[in-house]
Amino acid sequence: MIRVWSRRALITGLALLVAGFLIIIHATMTHDALECINVNFINSSCFTVSKPGIICVRNAKVPVLGLREVNVSAINGCTVQYSVNKAGTYCLSSALPTEAELTLCRFREPGLSELLYWFLGAVMVLVGGGLLYRYATSMETVEAELLEEYIINEGAVCRSLSLTRHECRVRQVSSCTADFIREASEFMCSKFGYRQRELAETYAILTRGKVFGLGDKKPVSLLMYVDNNDVVLEFRVAPLQASGLYDLKRFAEEVKALLRNVFRSSKKGSRD
């Protein structure tokens, strides 16, 4: 099931990433789109504009009173161009020849819908990148195959319960499980960076990582509790950062180190 999820994460992540980039490119290109409309004359030599822009005069070079001549390379086919800073009525110095044409050109300004469109593309890129990261970190590595269950010789079995939840059961710890809980809690904090939230005779709650952390910094909660004469270590990983069997392998290595350092001393203490 976890491998099926990984394949879906790969396909979905790639699709979101590509679609997001296409949306961003399209939004960027349409943001700079040039719009030109014909100028409406009120008589043979005067006209009105409702918005600022660039007056493009084609097929004639007729001065427009009160406007400054400019040269905007993005507007093609103009004999002369004039900058209009505000809406109003403007007049030519003489009547416009019949073959001449005036247009008002403006670069389209993005509205709320365009901004939301660009934001959607950015979100799709981020989500797609996150899914690809989770796929990469949950893949089987060359160094060691990822398993759904690890049997540790010291007396523990670690297995995956779901994508985000993993369990390690330490069998027959000792008659004094309270000491083991306390010593195991101290070891996990000092060795692997956990923080102790609660500690009692029969259970302990530890946490580590940051909300948006990745790798060793991903948020993990660890519940240790007594079940008959066994101690169960239940690891939970935040859903957005969970990597399935990759996480289980790491937790099994942590429990292996815990047993080497705490389990032996606990058994020795119980025999004494």
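Results, tabulated for the structure shown:
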read-out: From phi via Karplus (6.51, -1.76, 1.60), per-residue ³J(HN,Hα) for the range 90-96 in Hz, x at Gly/Pro; value: 9, 10, 7, 6, 7, 5, 6
read-out: Per residue convex hull volume, Cα atoms of the range 175-246, in Å³; value: 89 Å³
read-out: Note, ³J(HN,Hα) from phi for the range 178-194, Karplus 6.51, -1.76, 1.60, rounded to Hz, x at Gly and Pro; value: 4, 5, 5, 4, 5, 5, 5, 4, 5, 5, 5, 6, 6, 8, 10, x, 6
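None of the figures in this text is laboratory data; all of them are computed from the coordinates on show. Because the structure is a prediction, the values reported are computed rather than measured.
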